[in-house]
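Data first, discussion second: the structure below is written as C-alpha cells.
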Amino acid sequence: MEFVNVIVDISHEKVDRVFQYRIPEPLKGRLQPGMQVEVPFGMGNRRTKGYVVGFAGTPDYPPEKIKELSGIVEGGVRAQTQLIALAAWMRERYGSTMNQALRTVLPVRQKTRQKQERRLVRRISVEEGETLLREYKRKHYHAKARLLEALLLEETISWKKAAEEQKLPASVIRGLEEAGILTVESETQYRNPFAGRFREKERDFALNEEQRRAVEGIWADYARGIRRTYLLHGVTGSGKTEVYMELIARAVSAGKQAVVLIPEIALTFQTVKRFYERFGDRVSVMHSRLSDGERYDQFLRAERGDVDVMIGPRSALFAPFSRIGMMIIDEEHESSYKSETVPRYHAREAAIFRAQMCGASVILGSATPSVESYHHAQTGDYGLYRLSERTGGARPAKVSVIDLRNELREGNRSMFSRKLQTAMKERFAKGQQVMLFLNRRGLSGFVSCRSCGKAIPCPHCDVTLSLHNDGKLRCHYCGYETQMPPACPSCGSRYISGFRAGTQQVEREVLKRFPGARVLRMDYDTTRTKESHEKILDAFGKGEADVLVGTQMIVKGHDFPNVTLVGVLAADISLYASDYRAAERTFQILTQAAGRAGRGAQAGEAVIQTYVPEHYSIRTAAAQDYEAFFQQEMMYRRLLSYPPAASMLGVYLSGPEEEVLIGRSEALGEKLRRMRAEGLVVIGPSAAALSRKNDIYRRAVYLKHEREAVLLQIKKRLEEEFEKDTVWQKIYIQFDYNPLNAY
C-alpha cells in the first residue's frame, strides 16, 4: 500500500473526516491500523498527531496534493481494529467527531515507563565461591565479601536488597559481574493495584437450582453458536455474581476472555476480591483512580493475553482483548453506564455492539432492571432468567414505610422517625451494624410540602418543576415556568421549601442521639483519594464502625453480613427530580437499599421514611415487587411517549452569547416542527437545567418519535446542516440519544 488514511487528533467538525498521506519508504510495512502517527497538517505544515484507520493502493485525491506522513509517534499506544470499528459506530449513533470517539475507546493513549525488577544471580559453584570469599576477606575486600556471602546463602537476590540493605555501591556489583561471578537479570514488573492483597481460594459454593438453570441455559446457547443478550433478573442477595463467575469459568476454559462492568469505582474492591479468589491473578482492573503506570500496565497485560477477566466501570469495556467470549454488565440499570461527555454513549448498547463484532454473549444483571431492558426481555429481544430467592437461606428484609407527615403532626421534627430510632438502639445493643442512606439523587432545586408531601408538577410534561435562584419554578424539558408559591397549592400549608440535609448533618444527629456509636461517612468529600473507597468499606466490613452513613454509593452491590438495619432518610427526594425517570430511579434505589439488610444469618429490616407513602414506586419497592412497578411505569411511559415506549433525542446547544444562542435554538425548534416526519414531537427549546456554566449559556431541544431510525436520520441531517451553515459556527452542539439525565 502506498497511502495511509488518518484521523487527525483534533476534535472539531471541520476536520472530522479521513485525511490521506503518502507512506515514506522507511515506514512501509511498519504501519498498522490504530497506530498513532505524526502528520503535517494545516498552514505551514505544522505537525499534529493522528490515528491510522486504513490504507489505500490508489489515492483519493491528485497525488501531487498528498503530503507525506511525518513518522510514528514514539510511545503511542496502538488501538485494535475492533476498537476503531466501535469508535466509528459510536460516532454515527451518538454524534461526535471520530477523534472524540477514538479518544473514548482508548483508555490508555500513551506508554509509560515500565517498572523493572533487577536481580543478581550467582554464576559460580558454592565451592568456588567459598574459596573466593576467603580471598576477599584476606585482602579486606569487605563490600565484595558481603555480597558474595549473600549469594552463597541465596543463589538469587534482588538488586534492591544488595544495594540498600547491604549498602553496596553499583561499582561493586558491576565488578563481580565483569569477573563472571554473577549476572544481572531484569524482569518487567506489572504495577498491579491489588497485588498481594487477595489469595485464590478453593471453590466451596454449589449453585442452587435457579442459578444452575440460568448457567446451563446460557451456556447451551453459547455451545450451539448462539450469541444473545440475556437479562439476569435476580433479587438482592440471590447470587448473580456466582452465575457470572461460572459462565466466565466455562468461557475461559474454552480459551475466551471476559469483561465485567460495574457501575461504581466504590464496588471495585469487593468485586475484584471475589473474582480474584476464583480466578487468581488472571484478573485485572481498569478505572480512573489508577495511576498512569498502573493503567498502562493493566492495558498491556490485557493486550498480551496475560489476563482473562477485566473488571471496572465504563472504560473497562474498551479493554484490548482479542478473544472476548462473555460481557457482563452488573447492576445494568445504573445511570453511571451512560456517558455525560461527548460521545454520550451507553455502555450497555456499546457492549452489545462490541459483543456482536467478536462473537460474545452479553449478560445484564440486576435486582431492579432498567425499564428498557425489561421491556426488551418481555418482547423477546433479550433472553430472561430469574433468581427469585436469596442464597444461603437468607430471608428478604422486613420493610417498614414511615409517613413523615404523621411524625411532623405528632411533634417529631427529627430527621429520624421514632421507629428508626428504636430499631437503631436495638441493633447497637446486639452488636449489629446499621446503614443510613441519604437519598440525595434529584436534590438540586426540588421543592415539596412537608404537610401533604406533594411537589409542584409541570402541566405539560408531568415532571416536577425545579426552583431556580430567581425564585421561579421551571421545567427542564419544555421551559414552562411559574413563581414559587408562598404556600402549598394542594393543602395550603406554609411548610413548603427545599430539602437541605447532608451526610455530615446525619452523622452529627447520630452522634447526638447515640453518643457511643462509631460512625463512618461515605460520600463525595470522604472518597476523593485513590484508595478511600476501599479503606472505608474495609473498616466497616471488619466491624470497626457501628453505622455507615452515605449516599447512593453505599447501597450498590455491597455485602456486609452483620448489617441488619438500613434506614432510608427522605426516600421520596428522587421523586422530585425534573426527570421522567424519577419514579424508576426511586424504586431502584429503595429496593437496592433494602437489599443491603439481612444478607447474613441474622434477619434484616429496612425503614423507609417518606412524605408520600402512597406513591406506586415506594409501595412496590417496599413490597419488593418489580413486576407491579414495571406495569404501572410502562402505562405512564406509553401515555406520554417516553422511552422505551418511544425514542427520544436531546439536542443540546451552548455558546458564550446568550442572544445568539436563544435565536439559533428558536430557529432550530421551528425547523424541526416543519419537518415532514409524522408522529414527531418537538419539546422546547428551553433553558438547560444548568442554564449557564463558566459563562457559557446552555439550551436544549428534545425530540420524541416511536421509531428510533427516524430520530437517527434527523440527527444525521442536522449534523450535515450544522457543518455547512456558517451561522452555527459560534454554537457548540451535542446530541444525546435517550438521555438519562437532564442537560
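The values are calculated or read from the model by the stated rules, or taken from the named source; none is laboratory data. Worth saying up front: this structure is predicted, and the values here are computed from it rather than measured. Counting neighbours? That spans all protein chains shown, and the Cβs are built from the backbone with ideal geometry, glycine included. Just so you know, the surface numbers come from the protein's heavy atoms only, side chains and all, with ligands and any DNA or RNA stripped out. Shrake-Rupley method; radii C 1.70, N 1.55, O 1.52, S 1.80 Å.
A few notes on this one:
- Among helices (runs of 4 or more DSSP H) entirely within the stretch 604-693, having at least 2 residues that are within 25 Å of Tyr94 (Cβ to Cβ) singles out 626-640, 658-674.
- Hits in the stretch 166-188 - residues which are open to solvent by 70 Å² or more (accessible area, probe 1.4 Å), closer than 30 Å to Leu300 by Cβ and modelled with pLDDT under 85: Ser186, Glu187
- Subset of the stretch 707-743 [free of Cβ contacts under 8 Å to residues at least 24 places away in the same chain and either buried (at least 16 other Cβ atoms within 10 Å of the Cβ) or not charged (D, E, K, R) (or both)]: Ala709, Gln713, Thr726, Gln729
- Within the stretch 166-185, if we keep just the residues that are outside any loop (DSSP other than H, G, I, E, B) and of a type in the set (D, E, K, R), the residue that is nearest to Ile124 (Cα to Cα) turns out to be Glu177.
Yes/no matrix, rows are residues, columns are (1) closer than 22 Å to Thr97 by Cβ; (2) open to solvent by 20 Å² or more (accessible area, probe 1.4 Å); (3) acidic (Asp, Glu):
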residue	(1), (2), (3)
His12	yes, yes, no
Glu25	no, yes, yes
Lys28	no, yes, no
Pro33	yes, yes, no
Val37	yes, no, no
Pro40	yes, no, no
Tyr51	yes, no, no
Gly54	yes, no, no
Pro59	no, yes, no
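- Residue within the stretch 509-517 that is in contact with a Leu (Cβ under 8 Å, 6 or more places away or on another chain), at pLDDT below 90 and either assigned to a loop (DSSP other than H, G, I, E, B) or open to solvent by 10 Å² or more (accessible area, probe 1.4 Å) (or both) present: no
- A count restricted to the stretch 542-560 and to residues that are at pLDDT 85 or above and either part of a strand (DSSP E or B) or buried (at least 21 other Cβ atoms within 10 Å of the Cβ) (or both) stands at 5.
- Matching residues, the stretch 394-418, being surrounded by 19 or more Cβ atoms within 10 Å (Cβ to Cβ) and in a strand (DSSP E or B): Val399, Val401, Ile402
- Remark: pairs (first residue in the stretch 360-375, touching a residue at least 24 places away in the same chain (Cβ under 8 Å); second residue in a helix (DSSP H, G or I) and among the small types (Gly, Ala, Ser); Cβ separation under 7 Å; 6+ apart in sequence or on different chains) = Ser361/Ala355; Val362/Ala351; Val362/Ala355; Leu364/Ser373.
- Filter pass, Thr391 being polar (S, T, N, Q), open to solvent by 10 Å² or more (accessible area, probe 1.4 Å), touching a Gly at 6+ places or on another chain (Cβ under 6 Å) and within 26 Å of Leu261 (Cβ to Cβ): yes
- Unmet requirement for Asp381, which otherwise passes all of (1) without any contact (Cβ under 8 Å) to a residue 60 or more places away in the chain; (2) outside any helix (DSSP H, G or I): (1)
- The set of residues in the stretch 584-608 that are surrounded by 23 or more Cβ atoms within 10 Å (Cβ to Cβ) and among the small types (Gly, Ala, Ser) comprises Ala593, Ala594, Gly595, Ala597, Gly598, Gly604, Ala606.
- Any hit, the stretch 233-241, residues being open to solvent by less than 30 Å² (accessible area, probe 1.4 Å), among the basic types (Lys, Arg) and touching a residue at least 60 places away in the same chain (Cβ under 8 Å): yes
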